[in-house]
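Shown next, in structure tokens, is the structure this report addresses.
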Amino acid sequence: MIFSVEFIYIIMGIIGLCCSFYTFMDKANTHRIQSGLFYFIYAITLLFGKVIPPFYIGVLVIIMVIIVGMGGLRKGEYGEATEQERETSRKRLGNLLFLPALLIPILTVIGSKLLGGIKINSMVLFDPENPTLVALGLACIIAIITAMALTKSTPRTTIKESRRLLEAIGWAVVLPQLLATLGTIFNKAGVGEVVSDVVTKVIPEHSLFWGVFVFLIGMALFTLVMGNAFAAFPVMAAGVAIPFLINNFNANPNQIAAIAMFAGYCGTLMTPMAANFNIVPAALLDLKDKNHVIRVQAPTALIVLGFNIILMYLLIR
């Protein structure tokens, strides 16, 4: 293949590595060594994650956790443009400022839907197992180049702005990877079987309503813990949906899966563990209350969760 997922990871790793070097050299940051080391390790895992044995990746992650736990991660000084300079640039570019951001979803859809199966000299253009992820990575690269052309900035400015965003996100940058592994660990540990045993003792075997209630509330709660509905679904499906709803009540698996994921997303709206949805936007917007997004979303999430319980109950009955 010409463009693989590894290619995207390598580009991300190179950018992360450059950002860490700027952090190491930032004398305004009183914890520049620890902070630089955190981002340096993160970049190494992206660059060489496929060849470094899992044990050593685990050791690197533990070092990152120790740095964060000891308060070693701090923001630095970025030499940002003044308010006047930003206003002048905004007036000069107008609505063209939105072009790089719009290019990312548009090019991702085009790339994943139209270019995924294309071959050049018998080589597939995109990784056939992850065409969407590859298309997203390439779309981001094109958006960066477009932004540089529009603003007449240099690659150095791109790296500095990447570093500013990376440090604004902070420790949460590794949370998606950690949570993705958590679901696998839960499955390997047999958490689904434990849930099934507990549910068998708590709810009546032929009570459809309580089966639906426990299943969807469990989806939301596990997502609150894991930060990811995809990680919660295999656990709750093995523990409740298959033995109770599908085997006992002949529920439609397609309906079960769709509504369960919606219930899981309700948990996503209410947890800081879903960092890329709730914590990262608060950090990027410099909100004083980092949980403000969650507080605003919580009432809607609870209402939608209640609706999902009623909907699944009526569909199965």
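Would you mind checking the tilt of helix 155-169 against the longest principal axis of the Cα atoms of the chain, expressed as 0 to 90 degrees and rounded to 10?
It is inclined by approximately 40 degrees.
Along its principal axes, what span do the Cα atoms of the chain show, with the longest given first and each in whole Å?
Over the chain, Cα extents along the principal axes are 66, 52, 45 Å.
Relative contact order (percent) for the range 56-201, with alpha-carbon contacts under 8 angstrom and 6 or more residues of separation?
Result for the range 56-201 is 22 percent.
Describe numerically, in nm with one decimal, the distance between label points set 7 Å from Cα along Cα→Cβ at R92 and at K113.
For R92 paired with K113, the spin-label model returns 3.6 nm.
Ignoring ligands, DNA and RNA, please state the percent of accessible area on the chain from carbon and sulfur, probe 1.4 Å.
Heavy-atom surface of the chain belonging to carbon and sulfur, 1.4 Å probe: 69 percent.
Quick check on my link table: of K75/K288; K75/K290; K113/K188; K27/K75; K50/K113, which ones sit more than 23 Å apart, alpha carbon to alpha carbon?
Violating the 23 Å limit, Cα to Cα: K113/K188; K50/K113.
Is the shape of the range 98-254 best called rounded, prolate or oblate, per the rule: a/c under 1.5 gives rounded, else a/b larger than b/c gives prolate, else oblate, with a ≥ b ≥ c the square roots of the Cα gyration tensor eigenvalues?
The shape class here is prolate.
Can you give me the angle between helix 54-69 and the longest principal axis of the chain, using Cα atoms only, in degrees from 0 to 90, rounded to the nearest 10?
80
Considering only protein heavy atoms, with the full assembly of protein chains and a 1.4 angstrom probe, order R74, R32 by accessible area, largest first.
Largest to smallest exposure gives the sequence R74, R32.
For the range 29-115, which chymotrypsin sites (Phe, Trp or Tyr not before Pro) are in a loop by DSSP, counting at most 13 other Cβ atoms within 10 Å?
When the chymotrypsin sites (Phe, Trp or Tyr not before Pro) of the range 29-115 are filtered for loop state and at most 13 Cβ neighbours within 10 Å, nothing remains.
Rank these by accessible area, largest first, 1.4 Å probe: L269, L314.
L314, L269
Estimate the FRET efficiency between A189 and Y56 by the formula 1/(1 + (r/R0)^6), using the beta-carbon distance for r and 30 Å for R0, to the nearest 0.05.
Once the sixth-power term is evaluated, E becomes 0.85.
Nearest 10 degrees is fine. How inclined is helix 83-93 to the longest principal axis of the chain, computing both from alpha carbons?
Long axis of 83-93 versus the principal axis of the chain: about 80 degrees.
Between T200 and I63, what is the label-to-label distance in nm when each label sits 7 Å out along the Cα-to-Cβ direction?
Spacing of the two 7 Å Cα→Cβ label points: 4.7 nm.
What stretch of the chain, leaving out the sites themselves, is the longest with no GluC sites (Glu not before Pro) in a DSSP loop having at most 12 other Cβ atoms within 10 Å?
The longest such stretch corresponds to 206-317.
Please give the per residue accessible area of the chain, computed with a probe of 1.4 Å over protein heavy atoms only, in Å².
Dividing the accessible area of the chain by its residue count gives 57 Å².
So what is the calculated 222 nm ellipticity per residue for the chain, using -39500 (n - 2.57) for each DSSP H run with n of 4 or more, over all residues, to the nearest 500 deg cm²/dmol?
One gets -23000 deg cm²/dmol as the mean residue ellipticity at 222 nm.
Could you grab the relative contact order for the chain? Cα pairs under 8 Å, six or more apart, rounded to a whole percent.
Result for the chain is 15 percent.
May I ask you to derive the relative contact order of the range 1-138, considering only C-alpha pairs under 8 Å and at least 6 residues apart, and to give it as an integer percent?
Reported as a whole number, the value is 30 percent.
The values are calculated or read from the model by the stated rules, or taken from the named source; none is laboratory data. This one's a predicted model, so the numbers in the text were calculated from it and none came from an experiment. FYI the Cβ positions are ideal-geometry reconstructions off the backbone, even for glycines, and counts take in every protein chain you see. Accessible surface is based on the protein model in full, side chains and every heavy atom, while ligands, DNA and RNA are left aside. Shrake-Rupley method; radii C 1.70, N 1.55, O 1.52, S 1.80 Å.
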